[in-house]
């Protein structure tokens, strides 16, 4: 695998007040933050044996939805909370949620190690992912159709990519949706004509 282009992605953890006496804490949301959040949870539990922290992914949107529905205590996200989500949280909890910026993540675009293309511009990447460019020969590669792998629309990484790379345009209708960055990497590794993106964390 090789990263063709990287840009910064802000990974934010949204938290409402959780009781200091809580013995069971749930954390749900961004797949980009799952590994890091698990490490933080392990470190915290190592110092507080009476506390159990369960960390799961599912995407930033899933985390915010769980927070609003009161089925998680903390929501990890790789995007900012939306105004509608803030409103729902205020209705549910009687106060505005607090957003904590916990780290910065890189956004990478991946192609197979067997792909002859060594570099792409952001404009070329956008044209590939929105379906305008359909064949690798259009960007200096082999005469082969491009297979686009994307994240689910509940992913903050998906939203960041759509807003900042595609400039709000839709993904190609042929794009194959994958549940997380690991799944995108696995798919591209097995597909010499594939291209995908994900967080670098």
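The values are calculated or read from the model by the stated rules, or taken from the named source; none is laboratory data. What you see is a predicted model; the values in this text were computed from it and never measured. Note: ideal-geometry Cβ built from the backbone for every residue, glycine included; neighbour counts use all protein chains shown.
Tabulated results
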item	result
Count of residues meeting criterion [in contact (Cβ under 8 Å) with a residue 12 or more places away in the chain and assigned to a helix (DSSP H, G or I)] in region 82-92	4
Residue match in region 97-108 (condition: modelled with pLDDT of 95 or more and over 18 Å from residue 157 (Cα atoms))	no
Selection within region 159-181 - touching a residue at least 60 places away in the same chain (Cβ under 8 Å) and assigned to a helix (DSSP H, G or I)	159, 160, 164, 181
Qualifying position, being closer than 28 Å to residue 109 by Cβ, at pLDDT 90 or above, in contact with a strand residue (DSSP E or B) (Cβ under 9 Å, 6 or more places away or on another chain) and not assigned by TED's automatic domain parsing to the domain that holds residue 165, among 37, 66	37
Residues of region 32-81 classified as surrounded by fewer than 19 Cβ atoms within 10 Å (Cβ to Cβ), touching a residue at least 24 places away in the same chain (Cβ under 8 Å) and not in a helix (DSSP H, G or I), total	7
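Quick grid of which residues meet (1) part of a helix (DSSP H, G or I); (2) surrounded by 13 or more Cβ atoms within 10 Å (Cβ to Cβ); (3) not assigned by TED's automatic domain parsing to the domain that holds residue 178:
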{"site": "115", "(1), (2), (3)": "no, yes, no"}
{"site": "119", "(1), (2), (3)": "no, no, no"}
{"site": "124", "(1), (2), (3)": "yes, yes, no"}
{"site": "128", "(1), (2), (3)": "yes, yes, no"}
{"site": "143", "(1), (2), (3)": "no, no, no"}
{"site": "149", "(1), (2), (3)": "no, yes, no"}
{"site": "157", "(1), (2), (3)": "yes, yes, no"}
